[in-house]
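Trainee: Got a structure here, written out as structure tokens. Questions coming.
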Amino acid sequence: MANVTMKGLKKVYDKNVVAVVDFNLEIADKEFVVLVGPSGCGKSTTLRMVAGLEEISEGELYIGDKLVNDVAPKDRDIAMVFQNYALYPHMTVYENMAFALKLRKVPKAEIDKKVKEAAEILGITEYLARRPKALSGGQRQRVAIGRAIVREPQVFLMDEPLSNLDAKLRNQMRAELIKLRERIDTTFIYVTHDQTEAMTLGDRIVVMKDGYVQQIGTPHDVFNKPSNLFVAGFIGTPQMNFFNAKLLVSGGKYSVKIEEAEMELSEEAQAILRQKNAQACDVTAGIRPEHLEIASQSGKNTVHARVDVSEMMGSEAYVHVEAAGKDIVLRVTTTEMIKNRSFGSAKESYIDFTAAPEHIHIFDSQSGANLLY
């Protein structure tokens, strides 16, 4: 097992195409770190630099205490699981899992022991004699993971391993990965564009955009204390609602004004803004759909909205409304919908909503930085 240290990693392709810029990260031994971001943000390129499949243009990469910039992939003691499984079609499951050990000339008895142990962990013992074409997508992915497990590498690298699976199987495999991580107890670096995977799997999440790291933190921190507008909008389903707003200061108290509604900020936010000596200005206010509350009647701190459409999701619904010139989403329980008669079948339905002070985020209108952290 080993820690992984990345210092100022940069990747520049031909014609000066910059894929990753100044990537700095210290991954502890046995930590599960997820790189997440939209397509083209540089997350897979970063993983491939760790694997040795992409040359590092600038910076230093350490696995354990060893600088590995110029070390061949086979000598880095890592194992990689790919999106497309990369199994040998002419080999059985057993042979696929044993192949790397055979190349190392590991004794047959040891190979047999390791393959059967990995198969037992992954629940694929009954498929050891089959070839990949006779397996489902989820079973093939288990084989690919098993092939990595038997090598007992210092670091596991996973590049969107669940993206080819259907939604139900993806949820199942996500749970399997959580269990697997507890059983094999090694260092993981996992790449995905799916923020649900990132939130459920990672000890820490690295959010990337356009080759740059936007935020590094625990799932709790990234969700509750997003560093900027991009992170706030990328993490969370449905995504955070954003309002053009004004930060107001009166009598030493800060509030935010959205349309005609004035919402006072939490004591924690007040203290942070006072420390920064923040002045009244235009800001972007962010409130998550689950934190918007339907008001029983209009008031000084409520926003008036026209209901457009409701998406029924079973025990809850996503209610789309038009407010402050934007499409805003509220995440409400079906019980709340039944209680609130404003969600009737009439073409023109209206509601008023507000938010608790502790759930209001304030972002700089120009830079997008979160002013409260």
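Trainee: Quick one: residue 191 ticks every box in (1) out of contact with any helix residue (DSSP H, G or I) (no Cβ under 6 Å at 6 or more places or on another chain); (2) under 27 Å from residue 124 (Cα atoms); (3) not aromatic (Phe, Trp, Tyr) bar one, so which box is it?
Mentor: Status for residue 191: all satisfied but (1).
Trainee: Suppose the filter is surrounded by fewer than 17 Cβ atoms within 10 Å (Cβ to Cβ), in the same structural domain as residue 253 (by TED's automatic domain parsing) and within 14 Å of residue 370 (Cα to Cα); does residue 308 pass it?
Mentor: No; evaluated as a whole, the condition is false for this residue.
Trainee: Looking at (1) in contact (Cβ under 8 Å) with a residue 40 or more places away in the chain; (2) of a type outside the set (Gly, Ala, Ser); (3) under 24 Å from residue 92 (Cα atoms), which one does residue 204 not meet, given that it meets all the others?
Mentor: That leaves (3) as the condition not met.
Trainee: Within the group 285, 280, which residue is crowded, with 17+ Cβ neighbours inside 10 Å and among the small types (Gly, Ala, Ser)?
Mentor: Being crowded, with 17+ Cβ neighbours inside 10 Å and among the small types (Gly, Ala, Ser) holds for just one of 285, 280, which is 285.
Trainee: Right, here's the next one. Looking for whichever is buried (at least 18 other Cβ atoms within 10 Å of the Cβ), touching a residue at least 60 places away in the same chain (Cβ under 8 Å), hydrophobic (A, V, I, L, M, F, W, C) and not in a helix (DSSP H, G or I) here; the options are 145, 189. Which one fits?
Mentor: Unique residue meeting the criteria: 189.
Trainee: Sticking with this structure for a sec: Run down 19, 86, 100 and say which single residue is in a strand (DSSP E or B), in the same structural domain as residue 164 (by TED's automatic domain parsing) and over 28 Å from residue 220 (Cβ atoms).
Mentor: Going through 19, 86, 100 in turn, just one is in a strand (DSSP E or B), in the same structural domain as residue 164 (by TED's automatic domain parsing) and over 28 Å from residue 220 (Cβ atoms): 19.
Trainee: Looking at the range 327-373 only, could you name the residues that are among the polar types (S, T, N, Q), at pLDDT below 85 and either out of contact with any strand residue (DSSP E or B) (no Cβ under 7 Å at 6 or more places or on another chain) or buried (at least 19 other Cβ atoms within 10 Å of the Cβ) (or both)?
Mentor: Once the filter is applied, which keeps residues that are among the polar types (S, T, N, Q), at pLDDT below 85 and either out of contact with any strand residue (DSSP E or B) (no Cβ under 7 Å at 6 or more places or on another chain) or buried (at least 19 other Cβ atoms within 10 Å of the Cβ) (or both), the range 327-373 yields 335, 345.
Trainee: Follow-up question, since we're still on this one. Is there a residue being among the aromatic types (Phe, Trp, Tyr), under 22 Å from residue 275 (Cβ atoms) and crowded, with 16+ Cβ neighbours inside 10 Å anywhere in the range 204-223?
Mentor: No, the range 204-223 contains no residue that is among the aromatic types (Phe, Trp, Tyr), under 22 Å from residue 275 (Cβ atoms) and crowded, with 16+ Cβ neighbours inside 10 Å.
Trainee: When you look at residue 256, is it in the same structural domain as residue 24 (by TED's automatic domain parsing), closer than 30 Å to residue 313 by Cβ and crowded, with 21+ Cβ neighbours inside 10 Å, yes or no?
Mentor: So residue 256 fails the test.
Trainee: If you don't mind, there's one more thing I want to ask. Let me spell it out: the conditions are (1) under 29 Å from the mean Cα position of the chain (by Cα); (2) outside the structural domain of residue 39 (by TED's automatic domain parsing); (3) more than 30 Å from residue 182 (Cβ to Cβ), and residue 209 meets all of them except one. Which number is the exception?
Mentor: (2)
Trainee: Still on this structure, please answer the following. Of the residues 126, 152, 117, which is in a loop (DSSP other than H, G, I, E, B) and exposed (fewer than 15 other Cβ atoms within 10 Å of the Cβ)?
Mentor: 152
Trainee: If you don't mind, another one. Considering (1) within 30 Å of residue 285 (Cβ to Cβ); (2) surrounded by fewer than 22 Cβ atoms within 10 Å (Cβ to Cβ); (3) among the aliphatic types (A, V, I, L, M), say which one residue 231 fails and leave the rest.
Mentor: (2)
Trainee: Output yes when any residue across the range 73-93 is more than 27 Å from the chain's Cα centre (by Cα) and among the basic types (Lys, Arg), and no when none is.
Mentor: For the range 73-93, residues more than 27 Å from the chain's Cα centre (by Cα) and among the basic types (Lys, Arg): present.
Trainee: Then there's this: Just the residues that are in contact (Cβ under 8 Å) with a residue 40 or more places away in the chain, of a type outside the set (S, T, N, Q) and either in a loop (DSSP other than H, G, I, E, B) or farther than 12 Å from residue 9 by Cβ (or both), please, taken from the range 44-54.
Mentor: Hits for the range 44-54 are 51, 54.
Trainee: Right, something else. Quick one: which residue in 216, 258 is touching a helix residue (DSSP H, G or I) at 6+ places or on another chain (Cβ under 9 Å) and aliphatic (A, V, I, L, M)?
Mentor: 216
Trainee: Would you pick out the residues in the range 59-83 that are part of a helix (DSSP H, G or I) and either among the aromatic types (Phe, Trp, Tyr) or over 22 Å from residue 19 (Cα atoms) (or both)?
Mentor: Answer for the range 59-83, where residues must be part of a helix (DSSP H, G or I) and either among the aromatic types (Phe, Trp, Tyr) or over 22 Å from residue 19 (Cα atoms) (or both): 74, 75.
Trainee: Can you run down the residue pairs with Cβ atoms below 8 Å, 6 or more apart or on separate chains, where the first is in the range 80-95 and more than 17 Å from residue 138 (Cβ to Cβ) and the partner is among the polar types (S, T, N, Q)?
Mentor: What qualifies is 88/96.
The values are calculated or read from the model by the stated rules, or taken from the named source; none is laboratory data. Computed from a predicted structure; not experimentally measured. Note: ideal-geometry Cβ built from the backbone for every residue, glycine included; neighbour counts use all protein chains shown.
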